[in-house]
1. Can you work out the FRET efficiency for the pair GLN101 and ASP627, with r the C-beta to C-beta distance and R0 = 22 Å, to the nearest 0.05?
2. How many nm separate the modelled label positions at ARG189 and ARG829, each set 7 Å beyond the Cα in the direction of the Cβ?
3. Of LYS600/LYS633; LYS555/LYS633; LYS47/LYS228, which sit over 20 Å apart, Cα to Cα?
4. Can you work out the FRET efficiency for the pair GLN680 and GLU591, with r the C-beta to C-beta distance and R0 = 56 Å, to the nearest 0.05?
5. Along the Cα-to-Cβ line of LEU198, 7 Å from the Cα, sits a label point; which residues in segment 58-72 have backbone N less than 17 Å from it?
6. Distance in nm between label sites at ASN692 and ALA72, each 7 Å beyond Cα in the beta-carbon direction?
7. Out of the chymotrypsin sites (Phe, Trp or Tyr not before Pro) in segment 197-231, which ones are loop residues according to DSSP with at most 14 other C-beta atoms within 10 Å?
8. Within a Cβ distance under 15 Å of ILE586, other residues only, what is the Lys/Arg minus Asp/Glu net charge?
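Since every read-out is calculated from the coordinates, none of them should be taken as a lab result. The structure displayed is predicted, hence computed values, not measured ones. Cβ: placed from backbone, ideal geometry, glycine included. Neighbour counts: every protein chain shown.
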Amino acid sequence: MKLPFALKLAAREVRGGFGRLAFFVGCLAAGVAGVVGVESLVQDINKTLQLQARALLAADLSVESRRPLPDALAQREEFNGRERCDVVELPTMASVPETAQARLVEVWALDGRYPFYGTLALEPALPLPQLLTPNHVVVAPELLREFALAVGDTLRIGGAEFAIAGTIAAAPERLDFSLSLGPKVLMNRAGLDRTALLGFGSRVRYKALFYLPGVERAALQSLGVRLKEELPEADYLQIETYVDAQPAVREAIGRFERFLGLVALLSLLLGGLGIAQVIRTWIARRTPALATLRCLGVRQRDLVLAYVGQVIFFAVCASLVGAVAGGLLAAFVPGWLADAFAAVERTPLHIGVVLRGTGLGILVATGFAIPPLLAIWRVPPSRVLRASAEPLPLPWAVRIAAPIAIVVTLFATAALQGADTAFAAAFTGIVVGVSGLLWIGARLLMYASSRVPRHRLSPAIRTGVAALGRPAAGVVGGTVALGLGVLVVLGLYLVEDRLGGQLRSALPARAPSTYLWDVQPKQWPALESRLAAIDTASVQPVPVVMARLRSIDGKGIQELQSDAAGRRRAPWALTREQRITWFDAIPSHQEIVAGKLWHKPAVDEVSLDADFAVDIGAGLGSVLEFDIDGVRKSFEVTSLRAIDWQSFAISFFLVAEPGSLAAAPQVRMIGIRLDDAAEQELQRVVAADFPNVTVIRVRGILERVQSIMTTLAAGVRLLGSFTIAVGIFILGGAIAATQLRRAAEVALLKALGVSRGQIVTILGFEFALVGLVAGCVGAGGAYVLAGVFLDSILELRGSLPIAALPVTIGLASVLATAAGLGALVPALRAAPLATLKRG
């Protein structure tokens with residue numbers, strides 16, 4: 001077939017079937033709009049979260065160690081010409097020369113610009129380098145309150161005196177906060193050199209912060225991996241990128257991204273389903289014209305190629321419209337939800353996303369169009385003369401092209417949407433399997449309709465049941481399309497409900513906003529009474545014993561460190577000062593993953609965090625020996641726990657059996673929920689009456705986490721609801737499209753004297769049965785898809801709400817009935833002769 005003839009044919013199809021083509025464009029445009037809108041919003045949210053993550057780390061990459069950092073770090077080619085800030089952190093005592101008051105503080109000695117990201121607000125509001133000199137420091141405001149000092153007064157630190165140049169109003173804070181040993185004191189490196197703080201035995205942490213603008217996230221993570229593999233003594237280094245520096249929200253963001261990938265994938269599947277149904281109806285209506293073309297000598301192959309070309313042309317137009325609409329939707333809709341997306345920086349249009357969405361739309365449209373277009377091959381030339389002419393048989397190669405096209409399209413779309421190969425294969429298998437079950441269910445429905453006893457049914461219902469067995473009833477196509485649509489909509493709802501609920505509840509409403517550290521046992525009664533006078537909530541006192549690990553299964557720490565490379569032990573985990581607590585029952589944010597809690601009366605038991613056990617090379621049955629204030633104490637590992645660190649509840653790597661450490665020196669750590677006013681009052685009380693107790697404030701961290709989680713949960717709900725709404729629209733339209741060809745049947749029934757009410761009953765009962773079968777099979781497939789995605793991809797295990805099953809089946813039946821009858825309203829209103837003439 002020559003190109004001019006193909007173009008004329010396409011123009012004629014547009015004139016003759018504008019409504020069908022409009023729905024074709026609408027289905028695909030809606031699917032592509034979902035893909036582009038989702039991915040655009042993902043990029044905007046990720047951009048915002050990356051800026052927040054950088055601000056929390058204060059840099060793009062951080063390298064820390066308890067030893068001086070290796071010279072090889074500065075010699076790395078990746079850091080040539082890049083800014084670097086060196087930080088030396090150590091605890092020490094600060095005192096007031098005039099009064100001899102002393103306090104444990106945490107010194108940060110800075111060498112370079114700090115921070116690279118985030119805000120360091122100072123009072124007075126001057127640049128940090130201007131305030132920090134070899135003789136001046138900047139301190140946390142609580143230190144001034146505790147010592148009754150003011151800016152300009154003097155502190156003695158490490159044998160040297162420093163003038164207080166200002167206070168820290170706000171500073172970058174990491175989400176994986178660790179126990180601070182006291183208020184922060186900032187000085188420059190020259191000031192540190194004036195002190196005697198770096199002498200033998202000092203507990204110093206060395207940190208290098210790097211500013212690497214323009215380095216993409218994947219490249220930055222790759223750099224972090226290379227540094228861990230190539231730097232000397234890398235086992236002693238803690239290397240983090242801004243991507244790794246937010247464990248409390250990192251997994252939530254990853255789940256959000258994977259969920260949106262599923263949304264985009266299902267949006268395309270919905271568009272493909274609508275396209276397939278429209279083309280099926282389109283070809284059925286064009287059968288006489290196709291038979292005429294066959295009589296004129298046009299070959300089957302040329303006809304198929306001509307219609308495929310038309311599909312591609314309209315797919316390009318529809319995909320471009322949908323891509324631009326989706327990009328604009330992502331740019332402006334979040335602005336209408338300012339409370340949830342106020343912090344998201346939006347880009348008007350992501351050109352790369354638009355082009356990618358257009359390509360995916362064309363792929364899906366072509367793949368889903370091939371099976372119904374192959375019906376052209378079966379149109380015989382004799383159809384011009386005889387409507388009941390037998391369809392031509394399909395060649396073997398053409399017959400297998402349809403299922404192959406669908407399978408390849410499903411797998412390729414899933415893979416291109418970022419799904420790993422295993423999930424892409426599982427998704428394809430689930431959709432193909434459900435399609436097969438729907439086909440079988442439709443065939444069984446047709447078989448049963450001609451064999452079930454109908455003599456006791458009313459004439460209208462009897463006719464409706466019998467009509468299901470007609471060859472041209474479209475039961476199979478309608479059932480498969482509706483069932484797959486139910487799979488998409490219900491599956492997405494189940495995933496959105498679980499993930500949205502997890503994000504909304506990720507941060508407990510009563511999570512502690514303040515922690516008190518180093519509360520001595522004798523101080524607890526007095527402190528407890530003082531806390532009762534303050535407006536506090538959720539007080540969580542936890543006993544803590546400090547210890548040093550001496551041996552594992554008889555091997556000393558030195559021997560274990562030398563074996564670290566072979567046994568995958570982490571040196572930091574072996575040498576750190578260990579904090580041990582105890583409890584009778586497992587907290588709600590933890591679960592036993594191996595062993596059993598407190599079940600060996602003859603030995604002292606200890607439970608380890610499962611990841612920490614890997615870091616120190618221990619397992620069930622291992623014997624750990626500790627040095628507790630000069631006394632040796634051994635424990636047997638009898639259980640391993642998985643800890644949800646995102647809960648912000650107090651958690652420990654090591655938990656001892658209750659009573660095993662009753663005689664050991666201990667302190668208490670206390671988590672408290674406070675409002676702003678009560679937090680200030682608590683700081684005043686602790687500074688005045690309990691000067692050894694350290695107040696650790698995490699309110700700012702909680703607010704940041706809550707903001708991120710709220711944004712993610714709103715994104716899940718918005719995009720999930722949008723896709724579900726689009727899905728219902730496409731399904732209704734697709735069902736309606738399949739029933740347009742039933743107009744002639746309606747007219748014939750009216751000509752035979754059947755009333756409109758009886759026709760509605762006949763067809764309504766027929767459509768309802770199709771919806772019932774499709775709803776049952778599609779809903780079952782949705783539970784399988786949601787279960788696989790939640791368990792394997794999102795790692796959110798748990799039971800799915802069974803109440804959604806009967807509701808979905810009922811709604812599928814109602815949707816099939818309403819959409820089918822809605823499409824036939826014009827035929828019900830028109831005169832029978834007019835309808836039959838048009839047919």
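1. Working: r = 32 Å, r/R0 = 1.48.
Approximately 0.10, to the nearest 0.05.
2. Result for the modelled spin labels: 8.3 nm.
3. Checking Cα-Cα distances, LYS47/LYS228 exceed 20 Å.
4. On the way: r = 37 Å, r/R0 = 0.67.
Calculated transfer efficiency: 0.90.
5. Answer for segment 58-72: 64-72.
6. 4.4
7. Values: sites: PHE200, TYR206, PHE210, TYR211; in loops: PHE200.
Listed in order of number, the matching sites are PHE200.
8. Values: positive: LYS596, ARG641; negative: ASP584, GLU591, GLU605, ASP609, ASP644, GLU657.
Net charge in that neighbourhood comes out at -4.
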